[in-house]
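I have placed the structure first, in the form of structure tokens, so that the comments after it can refer back to it.
Each value in this text was obtained by applying a stated rule to the coordinates, not by laboratory testing. Keep in mind it's a predicted model, so treat the numbers as computed, not measured. Note that we place each Cβ from the backbone using ideal geometry, even for glycine, and neighbour counts take in every protein chain shown.
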Amino acid sequence: MKKIIAIGASNSKESINKKLAVYAANKVENSETIIVNLSDYEIPLYGIDYETENGIPEKAQELNDLLSTVDGIVISMAEHNGSYSAAFKSVFDWLSRIDKYVWKNKPMLLLATSPGGRGGKTVLDTAKNTFPRMGATIIADFSLPSFYDNFSENGITNEELNTELSNKINAFQQEI
């Protein structure tokens, strides 16, 4: 059985991006989903002075080790002011200090959503540009606009968007 890690790139308890990542990861057949809550990885804001004085935080090392054990990564990017959330950016920075190839060259399904009509496309584009240089093998990407209009407890309610995501999940599944 394949192991998939699902990450919502926000530390919100009610993260819509975590909901989307978990939904997508759970659609991968013959796999176990490991859900990462960024709030479980509260670490100091990255800074070279902190690193020099204290080393790498244990929680960052823990997440790095977890990433090494999975077969694929599903991550949904939260967009804060057109970029990564502060919680995600700090964790990402710490992980890059442990291993330049943060994503371990694992197959990745890269997602984003937001309450607005653009669905986090700005941060999705940033991640699509940056992550491959950091060891991501992006198999497919998907943006879900207007989360509260297009998602319910049962998943994506818009048939066209649901089909699009299903096709991308299938492509990801073939690569893990």
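Return a whole-number percent for the relative contact order of the chain, with Cα pairs under 8 Å and 6 or more residues apart as the contact set.
This gives 23 percent for the chain.
Mind checking the full-extension length gain between ASP99 and GLU14? Use 0.36 nm per residue of separation minus the Cα-Cα distance, one decimal, nm.
Extending this stretch completely gives an extra 27.6 nm.
To test your reading of the geometry: what angle, between 0 and 90 degrees and rounded to tens, separates the Cα axis of helix 16-26 from the longest principal axis of the chain?
Between helix and principal axis, roughly 70 degrees.
Read phi for every residue in segment 4-15 and hand back ³J(HN,Hα) as whole Hz from Karplus 6.51 cos²θ - 1.76 cosθ + 1.60, θ = phi - 60°, with x for Gly and Pro.
Computed from phi, the couplings for segment 4-15 are 10, 9, 10, 10, x, 7, 8, 9, 6, 4, 10, 4 Hz.
Please state the charge dipole magnitude for the chain, taken about the Cα centre, from unit charges on C-beta atoms (+1 on K and R, -1 on D and E), reported in debye and rounded to the nearest 20.
320
Through the Karplus equation 6.51 cos²θ - 1.76 cosθ + 1.60, θ set to phi - 60°, convert the phi angles of segment 147-155 into ³J(HN,Hα) values in whole Hz; use x for Gly and Pro.
3, 5, 8, 10, 9, 9, 4, 8, x
Would you pull out the residues with amide H under 5 Å of ILE34's amide H, same chain only if 5 or more places away, H placed 1.01 Å from N?
Those qualifying (amide H under 5 Å, at least 5 residues apart or on another chain) are ILE4, ILE5, ALA6.
Quick one: compute a quarter of the convex hull surface over the Cα atoms of the chain and quote it in nm².
Answer in nm², one decimal: 9.3.
Which whole-Hz ³J(HN,Hα) couplings does segment 110-119 yield from phi under the Karplus relation 6.51 cos²θ - 1.76 cosθ + 1.60, θ = phi - 60°, glycine and proline marked x?
My calculation for segment 110-119 gives 9, 10, 7, 8, 7, x, x, x, 8, x Hz in order.
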